[in-house]
Amino acid sequence: FQNEINEVPFFDVQLPYELALKIFQYLGKAELGRCAQVSRTWKILAEDEVLWYRLCQEEGYLLDMSISDHSCWKLALKDCRAREHMLKTNWKNRVGAVSQLRYEPGRVLCDVHCCDGVLMAGYTSGEVRLWDTRTWDYTAPVLAAVAAPGGAGAPPHVSFVRINSSLAVAAYEDGTVSVWSLLLGQEPIHHFQHNQHIQALALAPGGSAVATASGFQVKVESPDDKGFWQTPATFEIQKLVNFLNLVPDVTGSPVAVAAAEDIVYLLKAEDPGRVLHSVYGQPVTCLDVTAHEAAFGIKTFGWLLNEPNQILLYNLETNQCVTKVGSSIGDFSCVNLHSSPPNMLVAGNKDRRVRVFDLRRGEAACSVYGHQLGVSAVQMDEWKLVSGGEEGLVCVWDQRMATKLWEMHARHPVRLVWFNSHSLITANIPEEKNPRGSSITEDDPSLHRKYRGVIHCYEFSVEQLAGDSVLPICRSSYHGLAGYSYNIGLAVPYDSI
């Protein structure tokens, strides 16, 4: 019938179908629904796939699909909105499934990093594992390390791990750095050595550049067009680096931002000595970088009473300070700029408060208080906050109401908070890497298990009452060794699901 429509009755005139469709493109969902009740012709026009495909794209759903991928875009938009409402309700009411990602034969958890649901964890045993939380069974392959010369001695502890969509990088206590490709397998594709302890490690979010800080030197490694790794830049700085980030989405040679005590450097190959910020007696306490801006917290001392602790936002293109936000007695311990909504910034403080700043107004839009010790990790989106504290508390907040929705507690400080629309990943990493008794009972990982750290994964897209969901007890394979499994064992052998 739609192909037979040549003219659409439009009040007292007859319009061509294409022109009437142009007019209907300015209407929203409610207006299209009302127009569909006028007549049969208007109903066909108001339910045209072009209109609902445009509405679906404008609301941010199914952006990677073309108009021919769905037969009914009105129904697709309805399903997307229903799923979003269900996820928001599950987030608020803590409905879903929670799993602990433990690696029992390993030792103490050292560092954790996450990218799009793929988790990388390093342990004191020197092993590095990948956890893919996007799969139902949470597979965790071990990334092979470079063999020590002569094969003598215990493997060194893992200091830092970083992961992006294509690479995984681990730095060890002895100054070695290994790089793996997530596409090529579990053997490292690159390996290099520092003479001193590595203080910071950075991996470009969308690229292949790796930056390390050891002593007074910052080294950048990246592959060339043929895949051969090289060192495009090495920077000598005056002080020891505390924080290091690579600027994402940079064309050409990599650009790094390094905070060394009270100096913030913008490290470019063509301008290696550029100082972005330097005020004597104001050390940097946290750092985060986006493609065009850098945000970092500064700490003042008692003789500078007129300048409280603040967060400075610098433009990386003009090297100028854009705004200063915050006026706190405590030190800003963490800041998140890269995953915050536009013109927003969230920061955690040692005064146990989480603050959301509106960068356009230069003031705090929201301030919540609920931790017992300082805040160690934060992330936000349009309506919620997730914060982790030094006491091991993870809190989920409603940003607009400034109220706590729920909380979870573990033993060790929270060092990682990452979430998307349907999942939340937190990591509690202990400060002490050698818990008491581990040297005596080296072969018994069950003893002092509570001192080893834990990774939690919350999945809010799982319906709590789903009868066909697989229980966590049945997720292990029948052929797997059960020597280090401390879950409830099944009396009857079961098949691999």
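Ordered by 1.4 Å accessible area with all protein chains kept, 221, 407, 270 run largest first as 270, 407, 221. The length gained by stretching the chain between residue 134 and residue 49 to full extension, at 0.36 nm per residue less their Cα-Cα distance, is 27.4 nm. Within the assembled protein chains, the solvent-accessible surface assigned to residue 237 is about 20 Å², based on a 1.4 Å probe.
Approximating the spin labels as points 7 Å out from Cα along Cα→Cβ, the residue 184-to-residue 92 distance works out to 4.9 nm.
Can you give me the Cα centroid spacing of segment 97-127 and segment 344-365 in angstrom? A separation of 30 Å, based on Cα centres. Amide H contacts of residue 200: 213, each under 5 Å away and 5 or more positions distant or on a separate chain (H built 1.01 Å from N in the peptide plane; Pro and chain starts excluded). Computed with every protein chain present, the accessible area of residue 261 is close to 80 Å² [probe 1.4 Å]. Between the amide H of residue 119 and those of 131, 132, 133, distances stay under 5 Å, these residues lying 5 or more places away or on another chain, with hydrogens modeled in the peptide plane.
Coupling constants for segment 310-321 follow from the phi torsions by the Karplus curve (6.51 cos²θ - 1.76 cosθ + 1.60, θ = phi - 60°), and in residue order they are 9, 10, 9, 10, 10, 8, 6, 7, 9, 6, 10, 6 Hz; glycine and proline get x. Exceeding 23 Å between C-alpha atoms, which entries from my cross-link table qualify? They are 88/350; 350/384; 92/324; 324/350. In this structure, 88/350; 92/324 lie more than 23 Å apart at Cα.
Relative contact order of segment 17-91: what whole-number percent is it, with Cα pairs under 8 angstrom and at least 6 residues apart? Value for segment 17-91: 22 percent.
Of interest is the spacing of the C-alpha centroids, which for segment 409-432 and segment 174-221 amounts to 24 Å. Accessible area per residue was computed with a 1.4 Å probe on protein heavy atoms; residue 394 scores about 10 Å². Extending 7 Å from the Cα toward the beta-carbon at both residue 228 and residue 82 defines two label points whose distance is 5.8 nm. Of the listed residues 178, 71, 367, the order by accessible area with a 1.4 Å probe, largest first, is 71, 367, 178.
Kindly provide the Kirkwood hydrodynamic radius of segment 17-91 in Å, to one decimal, from all pairs of distinct alpha carbon atoms.
Working: mean 1/r = 0.0762 Å⁻¹.
Kirkwood radius, segment 17-91: 13.1 Å.
For the residues 456, 157, 409, a 1.4 Å probe over the protein chains yields an accessible-area ranking, largest first, of 409, 157, 456.
The values are calculated or read from the model by the stated rules, or taken from the named source; none is laboratory data. On a predicted model such as this, the values are computed, not experimentally measured, just so you know. Note: ideal-geometry Cβ built from the backbone for every residue, glycine included; neighbour counts use all protein chains shown. These accessible areas exclude ligands, DNA and RNA; they are computed on the full protein's heavy atoms, side chains included. Shrake-Rupley method; radii C 1.70, N 1.55, O 1.52, S 1.80 Å.
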